[in-house]
Amino acid sequence: MTKEKLMQAAIAARKNAYIPYSHFGVGAAALTSDGRVFTGANIENASYGLTMCAERNALFAAASAGYYEISELAVVADTDAGVAPCGACRQVMTEFMAQDAPVYLGNLHGEIDDTTVAALLPGSFVKGDMHNA
Ligand code: THU
């Protein structure tokens, strides 16, 4: 699948963003190692801190369906440059994606910034850091 197609899935997912507070919609699409696509949008809450980001909703949708290996992730929002994932989402990426896995950060003008999990969160805490895990 091309990154443009994965980005299209993220753009479609963004339509379901539940954003009565920020009015800032985000969409994400996660490509599994066997070619399936799981999507997510940001879902807000009146108790603001309970809001869940689009990226984590996409990654958790994949994991909840039993897909723990994500090869690529696309994220999109109405931003000037490609949207920047929050720190929590960067950490969750490291759980299900390889350090060199591509992440595509897009906006609604068709710009796509290519980056990687490691570039987004260098020196992240990973499974292997826990000797008893
Ligand atoms: N948001 C995401 O969905 N992903 C990010 O990485 C950045 C922030 C959402 C959370 C909240 O609903 C809105 O954007 C404003 O923070």
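The values are calculated or read from the model by the stated rules, or taken from the named source; none is laboratory data. For clarity, every value in this text was computed on a predicted model and none was experimentally measured. No Cβ is skipped: glycine too gets one built from the backbone with ideal geometry, and neighbour counts run over all protein chains shown. Side chains included, ligands, DNA and RNA excluded: accessible areas come from the protein's heavy atoms. Shrake-Rupley method; radii C 1.70, N 1.55, O 1.52, S 1.80 Å.
On the stretch given as the range 28-40, residues that are surrounded by fewer than 23 Cβ atoms within 10 Å (Cβ to Cβ) and either small (Gly, Ala, Ser) or more than 24 Å from Leu6 (Cβ to Cβ) (or both) total 2.
Tally the residues that are within 14 Å of the ligand (Cβ to nearest atom) and open to solvent by 10 Å² or more (accessible area, probe 1.4 Å), restricting the search to the range 87-115. Of the residues in that region, 9 qualify. Scanning the range 83-133 for residues that are under 18 Å from Lys3 (Cα atoms), part of a helix (DSSP H, G or I) and touching a Ser or Thr at 6+ places or on another chain (Cβ under 8 Å) yields a single hit, Val117. Criterion applied to Ala61, Ala118, Ala84 was being open to solvent by 30 Å² or more (accessible area, probe 1.4 Å), among the hydrophobic types (A, V, I, L, M, F, W, C), touching a Gly at 6+ places or on another chain (Cβ under 6 Å) and closer than 28 Å to Asp129 by Cα, and the one residue passing it is Ala61. Looking at Phe60, is it touching a residue at least 40 places away in the same chain (Cβ under 8 Å) and either among the aromatic types (Phe, Trp, Tyr) or assigned to a loop (DSSP other than H, G, I, E, B) (or both)? Answer is no for this residue.
Of all residue pairs spaced 6 or more apart or on separate chains, those with beta-carbon atoms under 7 Å, a first member in the range 67-82 that is within 14 Å of Gly25 (Cα to Cα) and free of Cβ contacts under 8 Å to residues at least 40 places away in the same chain and a second member that is crowded, with 21+ Cβ neighbours inside 10 Å and of a type outside the set (Lys, Arg) are Gly82/Leu105; Gly82/Gly106.
Against the conditions (1) surrounded by fewer than 20 Cβ atoms within 10 Å (Cβ to Cβ); (2) touching a Pro at 6+ places or on another chain (Cβ under 6 Å), Glu55 satisfies every one except (1). Would you mention how many residues in the range 28-82 are within 9 Å of the ligand (Cβ to nearest atom) and basic (Lys, Arg)? Number of matching residues: 1. I want to confirm something. Restricting to the range 6-27 and keeping residues that are touching a residue at least 60 places away in the same chain (Cβ under 8 Å) and open to solvent by less than 50 Å² (accessible area, probe 1.4 Å), which single residue is nearest to the ligand (Cβ to nearest atom)? It comes out as Ala10.
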